[in-house]
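See below for the structure under consideration.
The values are calculated or read from the model by the stated rules, or taken from the named source; none is laboratory data. Since we're looking at a predicted model, the values are computed, not measured. Here the Cβ positions follow ideal geometry from the backbone for every residue, glycine too, while neighbour counts run over all protein chains shown.
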């Protein structure tokens, strides 16, 4: 893959002529703002296949993005090895439908991801993730490849605002194109995870934790995610929002039916539309703010055009938000702003639930996921050093036993009470 500096943004280049090995110009034409939205009421194979085909068809069809014979890396969300019905990972039927379209173009297809921050990038971990997610069956039945190449390469990102170099897994770099197939979920740190954050899985294994350590503020982390997307530039994003995740995602939330498939060549536009489905204001989501700051979307979203189904009819108004989103909206008071960066000390913090925890000897994923080494083992149980904890919630995100709850310290409860009283008085 060759990455170049920016080119004239007024130039429109047909994406079907682009290769991950070629120059990838920044394109901000109207077509990039189009999001295709199609209803899909279940994961029935035929229904999903028809919905994905229609969704991409409304953008011009798969042939607009992929040339015959190209090698394509299909990138699902494989946060961790989890049962399919938990809605933690991209549903295998959505991945299957995308792969079948690529096979119809006579493409060479490989499914590739590096699971969440606490999961090492090893063959054993990959096999478990592929098995739990149902993707091993998809690959076997379609005769396509699952990636077990553990190598990666550091690639310069000269146009990055936050990060100038990224380590990217070779399966992505060796492909002509990347098709991203994210799962729509809430996220405690970034409020939502969709197209933009899905590319974070192209960074190998435990190296993801270093970004959380270097970028403890969600807005900075979001800028990094946009840097990464502008570097690797997936040709197309196809989102699984048939059953999303609400509440304290991306791991410990609950499945919630939305009944939609979305697609776009713009990660920012797709995530903005997805926010609307979850009744989350796009203006409050870091990756959308970062995209707006770079001219990838207008602040008022007037350049966002949704084709297909009527999104107003599909918004889930009572979609449960992550605790962090609720707290952020509450904290826009003068008192909280006066606390400045000290507010992290009063923010929600991870608390280990002993009755659910599998122990550090049998599990220990929270310890591996922590970017600041703030979790240590004591008597086979994880213990958090809150002086080191940066409230990134990586431990909560990766825990396979849902053994981590988010609670407030005694001081935090006092501050919250003061803010709530002031808010009511206002």
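Structure values in brief
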quantity	calculated
Residue match in segment 75-91 (condition: more than 30 Å from residue 401 (Cβ to Cβ) and buried (at least 24 other Cβ atoms within 10 Å of the Cβ))	no
Residue that is surrounded by the fewest Cβ atoms within 10 Å (Cβ to Cβ), among those in segment 156-182 that are in contact (Cβ under 8 Å) with a residue 40 or more places away in the chain and in a helix (DSSP H, G or I)	173
Hey, residue 421 more than 24 Å from residue 253 (Cα to Cα) and at pLDDT 90 or above or not	no
Qualifying residue in segment 44-51 (condition: closer than 27 Å to residue 291 by Cα and modelled with pLDDT of 95 or more)	no
Meets criteria (at pLDDT below 95 and within 30 Å of residue 167 (Cβ to Cβ)) for residue 10	no
Flag if residue 146 is under 16 Å from the mean Cα position of the chain (by Cα) and surrounded by 17 or more Cβ atoms within 10 Å (Cβ to Cβ)	no
Residue check, residue 268 buried (at least 23 other Cβ atoms within 10 Å of the Cβ) and assigned by TED's automatic domain parsing to the domain that holds residue 60	yes
Some residue of segment 289-305 being under 21 Å from residue 243 (Cβ atoms) and at pLDDT 95 or above	no
Pairs where the first residue, in segment 366-380, is over 17 Å from residue 392 (Cα atoms) and the second is part of a strand (DSSP E or B), C-beta under 9 Å, 6+ apart	377/383
Segment 352-374, residues that are buried (at least 17 other Cβ atoms within 10 Å of the Cβ) and over 17 Å from residue 208 (Cα atoms)	352, 357, 360, 363
Tally, over segment 204-234, of residues that are touching a helix residue (DSSP H, G or I) at 6+ places or on another chain (Cβ under 8 Å), over 20 Å from residue 290 (Cα atoms) and at pLDDT 95 or above	0
